[in-house]
Amino acid sequence: MKRQILSLISNPVVSLDIGSHSIKLVEGKYKGNSFNIRRALTLPTPTEAIRDGRLLNIQGIKEAISAVIKEEDIKARDLVFTIESTAVITREILLPASKPQEIASMLEFELEQYLPVALEQYSIQKKRIEEFEENGVRKSNILVAALPKEIVNEYLSLCQQLSMTPMAMDLNANSIYKLLQLKGFFNDMGDFSNKTIAIIDIGHSFSNIVIVKYGVLKLNRLMPFGGKEIEFNIANSFNLTLEEAEDKKKSIRSLRDNLPEDNSTAGMLINILKENVDNWIRDIDRLFKYYLSRESGNKIDAIYLYGGSSRISGLAAYLRQEFQMPAYLLKDKIDVKYLNSLKGDIEDFLNPLGAIIRR
């Protein structure tokens, strides 16, 4: 089904995904079953301005975003963030199916058992991800996410400095999950309602792995690997700056190229790339094995990749061979239309795009 673009009826929002390498900004709205996107653009993150979701240089980030807002004449004043951080704690809590207010009351009692932290120091969000019947009793599976208030306050401070109104803070895993639930958005993915899929967002410093079973989000983990370590190893091997190493990394034709017999630059680059990707695969495999061990009958049917470092040529085919299962680039499955300028590839904006959907 082709996604239709509606004229703007209500005010759009600005959605931000602030990463260690770049900031993704989307201005638009989601209404009904449609996106109306005014702008989608990427700007560089100031050096060492963010680490593991913590904003270390709010002023520098504010100045970078303000400059783009002015240059692009962005009018929206409501702001949505989507973030990732190892400080986020997620838990599934199984409760008797009840009305929302009754669920909220039960959760207050259960949270102290499921979250071994000082709850007053965390901002708690919850989402009903599944309802089913077990032994004649209706039950609700509630996904709870706890984010340190220190981090929340940093983003609120950024919002205040931008003179914008905070609307929501989302997690990247939930943002991509909401897009998966949209009929027709990933129109070439086929029906995965009876399958288990792994979606891997390979970023600069971290990678996020989301496992969706039969259309229900079952697991997500933030893993400490990404494109940055490849650049670091290239820089060390060739005595380059990280910026020069990033350019050198882009010169590698394909992960699937055979290693030359000589010690050429091309051969050394391919070897560095393969060594790093093999390390990624070991980390991914450990998480997959953990998921498979959680419940009898668990399986993974396919892998989908997105994020800046998923662009490594031949990466999907390499994972397909290593895991002996289908592996694809998620960008090849997207069917969505944009208005006005789209500065960058469509998959760059999946996280902030999903964060616009408020449900």
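State, as an integer percentage, the relative contact order of the chain based on alpha-carbon contacts under 8 Å between residues 6 or more apart.
21
At residue 43 and residue 243, where each label point lies 7 Å from the Cα along Cα→Cβ, what is the point-to-point distance in nanometres?
Once both label points are built, they end up 1.8 nm from each other.
Percent antiparallel among DSSP beta bridges with both residues in the chain, to the nearest 5?
Taking every DSSP beta bridge with both residues in the chain, the antiparallel ones total about 75 percent.
How many angstrom separate the Cα center of the stretch 283-324 from the Cα center of the stretch 170-213?
When both Cα centres are located, 13 Å separates them.
Quick one: if the Förster radius is 41 Å, what FRET efficiency do residue 163 and residue 137 give, using the C-beta to C-beta distance and rounding to 0.05?
Rounded to the nearest 0.05, the efficiency is 0.20.
Would you mind calculating the gained length between residue 329 and residue 98 on full extension (0.36 nm times residue separation, minus the Cα-Cα distance), in nm to one decimal?
Separation in residues times 0.36 nm, less the Cα-Cα distance, equals 79.2 nm.
Given the C-alpha centroids of the stretch 143-169 and the stretch 51-75, what is the distance between them in whole angstrom?
Measuring centre to centre over Cα atoms gives 14 Å.
Taking the alpha-carbon distance from residue 249 and a cut-off under 17 Å, which lysines remain once sequence neighbours fewer than 8 residues away in the same chain are dropped?
Residue 249 reaches 228, 274.
Pull out a ≥ b ≥ c, the square roots of the eigenvalues of the alpha-carbon gyration tensor of the stretch 89-147, then state rounded if a/c is under 1.5, prolate if not and a/b is larger than b/c, and oblate in the remaining case.
In terms of gyration-tensor shape, prolate.
For residue 193 and residue 290 in one chain, what is 0.36 nm times their gap in residues minus the Cα-Cα distance, to one decimal in nm?
Going from the current span to full extension adds 32.7 nm.
Using θ = phi - 60° and the Karplus relation 6.51 cos²θ - 1.76 cosθ + 1.60, list the HN-Hα couplings for the stretch 112-120 in order, rounded to whole Hz, with x at every Gly or Pro.
5, 7, 8, 10, x, 9, 6, 4, 5
When the chain is fully extended, how far beyond the present Cα-Cα distance does residue 358 get from residue 257, taking 0.36 nm per residue of separation?
32.0 nm
Evaluate the distance, in nm, between pseudo-label points positioned 7 Å from the Cα of residue 31 and of residue 114 along their respective Cα→Cβ axes.
For the pair residue 31/residue 114, the computed spacing is 3.5 nm.
Compute the Cα gyration tensor for the stretch 189-333, then decide on rounded, prolate or oblate, letting a ≥ b ≥ c be the square roots of its eigenvalues: rounded whenever a/c is under 1.5, prolate when a/b is larger than b/c in the other cases, and oblate in all that remain.
Note, shape of the stretch 189-333 comes out prolate.
Pull up the cross-link candidates among the lysines for residue 29, meaning alpha carbon to alpha carbon under 19 Å and not fewer than 8 places away within one chain.
Leaving aside lysines fewer than 8 places away in the same chain, those within reach of residue 29 are 2, 75, 178, 183, 337, 343.
Coordinate-derived values only; no laboratory data. None of these values were measured; they are calculated from a predicted model. Glycine also receives a Cβ, built like all others from the backbone with ideal geometry; neighbour counts cover every protein chain displayed.
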